[in-house]
Amino acid sequence: MIYLDNAATTPVRREALEAMWPHLTSGFGNPSSHHQVGEAAAAALREARRSVARSLDCRPGEVTFTSGGTESDNLAVKGIALGAPRGRHIVTTPIEHEAVLDSCDYLRRLHGFEITLLPVDAAGRVDPAGLARALRPDTTLVSVHYANNEVGTVQPLAELAAVAQGVPFHTDAVQAGGWLDLNVKALGVDALSLSGHKLGAPPGIGAVFLRGRLVIEPLLHGGGQERGKRSGTENVAGAVALAVALRLAGEERALTAQRTSALRDEFIGTVLRETPSARLTGHPTDRLPGTASFVFPGTSGEAVLLELEARGIVCSSGSACAAGSSEPSHVLTAMGLSADVALTAVRFTLGAGTSAAEAAEAAASVRAAVAAVASLGT
């Protein structure tokens, strides 16, 4: 099997497993308990928080551990909007992850917020001038993701955050976590969401940076853990694993991104050259190092996926969170593709462990799979 669905989830790093194991066995205490076992867990949690803060260049108190990217997005969007709103207006994009879009819709339906969706160009990029025009005196939040989960387009995030000029700015950095610089000071963002299983930690752990000056309305109420922002007994083992995976990703980022980008470009070139119907989606250069996304007009994306899996290639038709949906991708239609063409999408996401031989074999399999599907008139 050749695994090219790393945007959905990544293999858990051995270093992360080894780091979390003691906290699943002998160090199993509740970090809120005031005895030796609990205090040991609390110390491990503090160190994990400090480590994540170093990776983000923020204060430890600005890091809140969550159950994953979806909760991090929900806490940032709803928490900022309801914490100390300047008004009832939010600016976001139509190509955000559903965790952001559905949070905005919740705020619209139940709290009377008005949502402005910034248009994107054919490559999925937001124009900073468009953001400037959309801002209003009552804008309480801007949320634009760092990199798109379906097509891999990277946004000019620092430029967009600078345009916001004091309006709280959140970015979903779930897909960027293992690939791009996460220095929140350099990016100029006020909130940033991460998910552990996208960068080598296990599922069930995430984190969100929330700048200290922000007033946050929590989603979960109870024991007041995470400085009152997220009640519930903390996942100490998961937090330790996330801290290790994030640190290693930062240390390895330059070399890994360079190598994977070269493999990605070779893979894209081969597919476009040898599969006549293939069209690349997303920005041609400003894209995540591991993401190669295509549409194959005249086929069915799901049928191509089945053909590829039969040949030992595992990939996806878009976001894992939308798997099984018969609707066209909201990302691709927002980028101007017709619904029929959007339904032919296939996303390949290489990982740090993908070899040149695997990428070459996968590219050859794309040609064969698309030809097989097209011959059936599917």
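Considering (1) in contact with a Phe, Trp or Tyr (Cβ under 8 Å, 6 or more places away or on another chain); (2) free of Cβ contacts under 8 Å to residues at least 12 places away in the same chain, the lone condition that residue 43 does not fulfil carries the number (1). Taken over region 327-378, the criterion of being within 27 Å of the chain's Cα centre (by Cα) and of a type in the set (Ser, Thr, Tyr) is satisfied by 329, 333, 338, 344, 349, 354, 355. Each residue in region 156-181 was checked for being in a loop (DSSP other than H, G, I, E, B) and surrounded by 24 or more Cβ atoms within 10 Å (Cβ to Cβ), and 8 of them qualify. For residues in region 288-303 being of a type outside the set (Gly, Ala, Ser) and assigned to a strand (DSSP E or B), which is nearest to residue 3 (Cα to Cα)? Looking at residues that are of a type outside the set (Gly, Ala, Ser) and assigned to a strand (DSSP E or B), I get 291.
Quick test for you: out of 213, 227, pick the one residue that is on the phi < 0 side of the Ramachandran plot, open to solvent by 10 Å² or more (accessible area, probe 1.4 Å) and modelled with pLDDT under 95. If you could, list the steps in order and put the result at the bottom.
Details: 227 fails: on the phi < 0 side of the Ramachandran plot.
213 is the lone residue from the list that is on the phi < 0 side of the Ramachandran plot, open to solvent by 10 Å² or more (accessible area, probe 1.4 Å) and modelled with pLDDT under 95.
Restricting to region 316-359, what's the tally of residues that are part of a helix (DSSP H, G or I), modelled with pLDDT of 95 or more and out of contact with any Phe, Trp or Tyr (no Cβ under 8 Å at 6 or more places or on another chain)? I'd like the intermediate steps shown before the answer.
As a first pass, look at region 316-359 and keep what is part of a helix (DSSP H, G or I): 320-322, 330-334, 339-342, 356-359.
Retained after the next criterion (residues that are modelled with pLDDT of 95 or more): 330-334, 339-342, 356-359.
Then keep just the ones that are out of contact with any Phe, Trp or Tyr (no Cβ under 8 Å at 6 or more places or on another chain); that gives 330-334, 339-342, 356-358.
Total satisfying the criteria: 12.
Just one of the listed residues (86, 125) is in contact with a strand residue (DSSP E or B) (Cβ under 8 Å, 6 or more places away or on another chain), open to solvent by 10 Å² or more (accessible area, probe 1.4 Å), more than 21 Å from residue 214 (Cα to Cα) and not acidic (Asp, Glu), and it is 125. Within region 102-114, the set of residues being under 26 Å from residue 293 (Cβ atoms) and either outside the structural domain of residue 71 (by the TED database) or touching a residue at least 24 places away in the same chain (Cβ under 8 Å) (or both) comprises 103, 104.
The values are calculated or read from the model by the stated rules, or taken from the named source; none is laboratory data. Being a predicted model, the structure only gives us computed values, none of them experimental. Heads up, the Cβs are rebuilt from the backbone with ideal geometry, glycines too, and the neighbour counts pull from every protein chain shown. These accessible areas exclude ligands, DNA and RNA; they are computed on the full protein's heavy atoms, side chains included. Shrake-Rupley method; radii C 1.70, N 1.55, O 1.52, S 1.80 Å.
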